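The structure appears below as structure tokens.
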Amino acid sequence: MKPFRDKRRDSRPPAKGGAEQPRRRDAGLTAGSEPKLQDRSEPKATPRPLSRRDGALPAEHLPLILEVGPNQDYALLDSGAGEKLEQYGPYRIVRPEGQAIWQKALPARDWERADAIFTGDTDEEGIGRWRFPKTPLGETWPMKHDGIDYLGRFTSFRHVGVFPEQASHWDHMAGLIAAAKRPVKVLNLFGYTGLASLVAARAGAEVTHVDASKKAIGWARENQEMAGLSQKPIRWIVDDAVKFAEREERRGSRYDIILFDPPAYGRGPKGEVWQLFEDLPALTDICRAILTPKPLAVVLTAYSIRASFFAIHAVMRDTFAGMGGTVESGELIIREKSAGRALSTSLFSRWVA
């Protein structure tokens, strides 16, 4: 199948036992951070000084629409009236979908066959609960993505631990790793439940996976074990993504591929505050600084933000000025099975050497 961080306009968020947190947007710098009842945020560090880089801007390719269609592991069966009907392995699931402003194509009887329905707060990151019309289901169930086994999970923030639309990026990354014919190091920031990390490790890369949520890391480790990839070199790190990247820069650590999928707003494990429009340029700059001399790609995904992909496209081109390559930007979409409509889930921009 091709996915799996609802980035996430369901971003990826967690639910691994206990109260889960929204994967993106507000509540944690990663899917799954615990809610902060009080503002214990640390003072903001001195802003990273930024200046426009010299050198020619990378070539550009836009708009690029990366599409995931239905397959045996996942399918967007239908959507409309603010909801979506999906097939995750053996289960039919109904969840809110604010972008589905059109009308449903399938008859009501098809929607009524759902195994699980998310109810409660319809806000993107609102806490709710799952209703099981037929038989009460367990918290987790086995899933697959392109032969990789992992766990789906019903979380209190409507997410199920996988963002199918990301499959396009995973396939692209695996192809780059295979074609490199040399050791490749991958850094996955805001890594959530680890599907991207597992895909990279299976393709032969050495992976560093960073997420601010202990629950998300625990879930990712479960997925590694379930996938039979325990012997693959993956470092699982619970940390604030920005602080980790800054330390890697000071330590001289370098990576060939960097994936980062930050929330619009979030908090790190020690109350660090993240604001996408304020902090994204500096983090993008750090990502450039920790690339190897012969890097392969940097992939940025942005969920649920009120902006055009042209905004993050400009940031990426400016940041990678003088490095050649191409910046490709656009949207990730899922193609609906019922009427063939495209459901846009997120914006993205990636620099490819």
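The values are calculated or read from the model by the stated rules, or taken from the named source; none is laboratory data. Keep in mind it's a predicted model, so treat the numbers as computed, not measured. We place every Cβ from the backbone using ideal geometry, glycine too, and count neighbours over all the protein chains shown.
Identify all residues within region 223-241 that are in a helix (DSSP H, G or I) and within 19 Å of LEU151 (Cα to Cα); write none if there are none. Scanning region 223-241 gives ASN223, GLN224, GLU225, MET226. For beta carbons closer than 6 Å, sequence separation of 6+ or different chains, a first residue in region 327-353 that is under 18 Å from ALA311 (Cα atoms) and assigned by TED's automatic domain parsing to the domain that holds ILE258 and a second that is surrounded by 18 or more Cβ atoms within 10 Å (Cβ to Cβ) and of a type in the set (Lys, Arg), the qualifying pairs are VAL327/ARG317; GLU328/ARG350; THR345/ARG9; SER346/LYS7; SER346/ARG8.
Name the residues in region 181-209 that are more than 12 Å from the chain's Cα centre (by Cα), part of a strand (DSSP E or B) and buried (at least 24 other Cβ atoms within 10 Å of the Cβ), would you? VAL186, LEU187, VAL207, HIS209 - these are the residues of region 181-209 that are more than 12 Å from the chain's Cα centre (by Cα), part of a strand (DSSP E or B) and buried (at least 24 other Cβ atoms within 10 Å of the Cβ).
Checked against (1) in the same structural domain as SER329 (by TED's automatic domain parsing); (2) more than 17 Å from the chain's Cα centre (by Cα), ALA216 meets all criteria but (2). ASP261 meets all of the listed conditions (1) among the acidic types (Asp, Glu); (2) surrounded by 19 or more Cβ atoms within 10 Å (Cβ to Cβ); (3) at pLDDT 95 or above but one, namely (3).
Scanning region 172-187 for residues that are touching an Asp or Glu at 6+ places or on another chain (Cβ under 6 Å) and small (Gly, Ala, Ser) turns up nothing.
The residues in region 297-316 that are over 11 Å from TRP351 (Cβ atoms), among the aliphatic types (A, V, I, L, M) and part of a strand (DSSP E or B) can be counted, and the count is 1. Here ALA201 passes the criteria (1) closer than 17 Å to HIS169 by Cβ; (2) in contact with a helix residue (DSSP H, G or I) (Cβ under 6 Å, 6 or more places away or on another chain) except the one numbered (2).
Evaluation of VAL160 against the conditions (1) within 19 Å of VAL68 (Cβ to Cβ); (2) under 17 Å from the mean Cα position of the chain (by Cα); (3) at pLDDT 95 or above shows that the sole unmet condition is (3). TYR88 satisfies every condition listed in (1) over 28 Å from SER308 (Cα atoms); (2) over 22 Å from the mean Cα position of the chain (by Cα) except (2). Considering only residues that are touching a Leu at 6+ places or on another chain (Cβ under 8 Å) and not charged (D, E, K, R), look in region 194-206 and name the one that is farthest from ASP261 (Cα to Cα). Checked region 194-206; the qualifying residue farthest from ASP261 (Cα to Cα) is ALA201.
Which pairs have Cβ atoms under 6 Å, sit 6 or more apart or on different chains, and link a residue in region 238-267 that is assigned by TED's automatic domain parsing to the domain that holds PRO293 to one that is of a type in the set (D, E, K, R) and at pLDDT 95 or above? What qualifies is TYR255/LYS185; ASP256/LYS185. Looking across region 333-353, just one residue is part of a loop (DSSP other than H, G, I, E, B) and buried (at least 19 other Cβ atoms within 10 Å of the Cβ), and that is LYS337.
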